[in-house]
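The structure under discussion appears below in the form of structure tokens.
The values are calculated or read from the model by the stated rules, or taken from the named source; none is laboratory data. Every value quoted in this text rests on a predicted model; they were computed, and no experiment measured them. Don't worry about glycine lacking a Cβ; one is built from the backbone with ideal geometry, like all the others, and counts go over all protein chains shown. When the accessible area is computed, the model is the full protein with side chains, heavy atoms only, and any ligands, DNA or RNA have been set aside. Shrake-Rupley method; radii C 1.70, N 1.55, O 1.52, S 1.80 Å.
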Amino acid sequence: MGKTVDHDMLQESGHDPDDRKVARILAVDDDEGNLLALEGILSDLGHPIVCVTSGEDALRQVLRNEFAVILLDVRMPGIDGYETAELIRSRSRSRSIPIIFLSGVDKDPANLFRGYSAGAVDYVFKPVEPTALRSKVSIFADLYNQAQEIRRQAEHEKRLMAENLRVKARQMEVVEALDRTRMQQSLVIDTLPIALFSASSRDGYRSRTFVGGKLERLIGGPAGQMETIGANWIENVYEADRDRLSEAIELAVKTGRLEIEYQFDGPGGERRWLFERAAIRQGDDNTPEMYGILSDITNQKRLEEQLVHAQKMEAVGQMSGGIAHDFNNMLSVIIGSLDRVLEKDELGNKTRRRLDLAMQAANSCADLTKRLLGFARRQALDPRPIRLNEELARSEGLFERLLGSAVITRIDCPGDLWPVYLDPSQFEAAVVNLAVNARDAMPDGGKLSITGENVTVDAAGAEALNLAPGEYVRLAVKDTGIGMDEATQKKALEPFFTTKDPGKGTGLGLSSIYGFLRQSGGGLKIDSQPGQGTTMNLFLPRSPETGAAKKSEKAGSVPRRFNGLRILVVEDNDEVREVAQSMLEGLGCQVETAANGDLALAAFTRHSDIKVLFTDCVMPGEVDGVKLADLLTDKDDDLAVIFTSGYRGSEAPAPKHRSVFLRKPYTSAQLAEALAKVQEQRPG
């Protein structure tokens, strides 16, 4: 806050009447460098420039002299620009001096409104554009000179009115000059992003008479309709806000002030948010009148809605991730227990069939939790070599149900496409997301084609696509929809940008797909034209391994034995820990267990022959699974680590240790495969 200034500073003071003849310019800025710059810009106008560095000095200058225009910095120590302007306006002799605010930071609509409410006629943002500033200052200096000339002429002709007919002709010139002055002042107001109005108590303040600004810019529509719209103002307010505005007006009658935001249906059919601020005063005939200002806050409200929606999506994601985490722990117990039972040879056919059905249902639930975690973005990427023709073949039935009969889908991905290295579930989610976007771009139906081809990106192409040079599979997802113009394409990958109607899209779909592709070493390129559809080109990195996925499946189907291998199992969930212990003992391991990191450190100290740490990543307490692995491998750099989790905040733990990552829920075969991998990593 600035310092409080006694209003005695602004009492009338004597000065030389001849001073009025000079169109002085007052520049106020606490930065002397800025003042030198303003002097340089305005010096060639030929008007005296008075420079001061504080609001207090500015008030003293206003007491001594008259000025054609005041250039006032907003941010100053002591009295800031807003307070200085209000004090200048409180003095009858100086309240008509035009004030132009200079600001480098206060671009917020609320600050602009505060400036105009304080009496500013314009807002100029730093760095100042010299030509524009000179033009504005020159206009006000000319207006000042004209007003002074008019004043002198009027005083002179008043003395000679009775004696000379020439005085009457001059009076007409004075009137014309005043009209020109008012017109120029009105033009200045019309350039501002506001509309000024008055309203009468005779009709309960239901109509608006606009006396300044450009209302058509705020609400849209031709200028000829503005008078009719003003006469029926309340009727054009959005129905849900109409009663609220009426209640605010009733309160303003008691308090004398009105501030409210409401939605307004313009003549073009577009609904916009308006901010209305007004005061009620006695009119010339002692009838209460409302005088106010309107501004458009539609963009601000839309940004607020996007923020609220994003916060809701984040809350839903956190809830989904938490639910999926708990389900994964329960499914680990169910799948692990079923897997142990299914290993028994003495099961009857009927019993085995029932257990198989239970296992299938549990695996379906595990897939569902995986999708929930993917939605919540709490699942680590699990990239592996995949073949696109096989992945898309599994999704073809899903496309038919998702897109409906109005969209014809064609998938052309030949079998000779290179394997790509991606997380299969994230890839499926990305393709489904693109298919849904394509469907929304074809409201009357159309064609969706998904084609793939092997491409080699050279250095020049890599720079254009923001990729590393190398071999990729280009997957083209093409629709025959409405397409996008160049400006939309530039913003399409930005978070929260959407072309859908409000409430029908988060604006995170394409940005999350792009992030997944970039994280996987790939990229995305958009080809589109309005009315000619859109092609999303996904550049997917070729896998350096071609048979890893099949080898893993084959290896996982063969039971393995690890007789005598001592393993430390660390898991805070009692049931999951018990199932993991049973699985490992079934594989021939000697198992030590701990419920948290502190107990695990003690167990490791007691048993010097522990060769493998099998730990949950997320555990209560200060020592989670990742920190525990760091502590134990510092003690024994030959210790192998198997991390497991059903809920991860980002990626799986970095390969700082000789380690693998096993996602919950898992089977005995998958656990055996993880053990085999860390054993194979042993040096020598």
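For the cross-link pairs Lys344/Lys664; Lys611/Lys677; Lys107/Lys301; Lys107/Lys214; Lys254/Lys301; Lys136/Lys301, which exceed 25 Å when the distance is taken from alpha carbon to alpha carbon? Violating the 25 Å limit, Cα to Cα: Lys254/Lys301; Lys136/Lys301. Between Leu303 and Arg134, the distance separating the two model label sites (each 7 Å from Cα on the Cα→Cβ line) works out to 3.4 nm.
With protein chains left intact and a 1.4 Å probe, residues in the stretch 395-449 average 47 Å² of accessible area per residue.
Simple spin-label estimate for Arg95 and Arg561 gives 10.2 nm between the two label positions (7 Å along the Cα-to-Cβ direction from each Cα).
For the stretch 36-167, the solvent-accessible area with a 1.4 angstrom probe is 46 square angstrom per residue. Placing Ser337, Ser54, Ser96 in order of accessible area, with the largest value first and a 1.4 Å probe, yields Ser96, Ser337, Ser54. Here the stretch 230-269 exposes an accessible surface that is 42 percent carbon and sulfur, computed with a 1.4 Å probe and the other protein chains kept in place. Once backbone amide H atoms are built at 1.01 Å from N, Glu592 has Ile567, Leu568, Val569 as its partners under 5 Å, excluding neighbours fewer than 5 places away on the same chain. The length gained by stretching the chain between Ala462 and Arg384 to full extension, at 0.36 nm per residue less their Cα-Cα distance, is 25.7 nm. The label-point distance for Asp485 and Asp636, in a model that sets each label 7 Å from Cα toward Cβ, rounds to 6.8 nm.
Stretching the chain fully between Glu346 and Val432 yields a gain of 26.6 nm (0.36 nm per residue, less the alpha carbon separation).
Residue separation of Gln532 and Glu400 scaled by 0.36 nm, minus their Cα-Cα distance, works out to 45.2 nm of gained length. Over the stretch 60-140, what relative contact order in percent results from Cα pairs under 8 Å that are six or more residues apart? Computed over the stretch 60-140, the figure is 30 percent. FRET efficiency for the Glu39 to Gln225 pair, using the beta carbon distance and R₀ = 45 Å, is estimated at 0.45.
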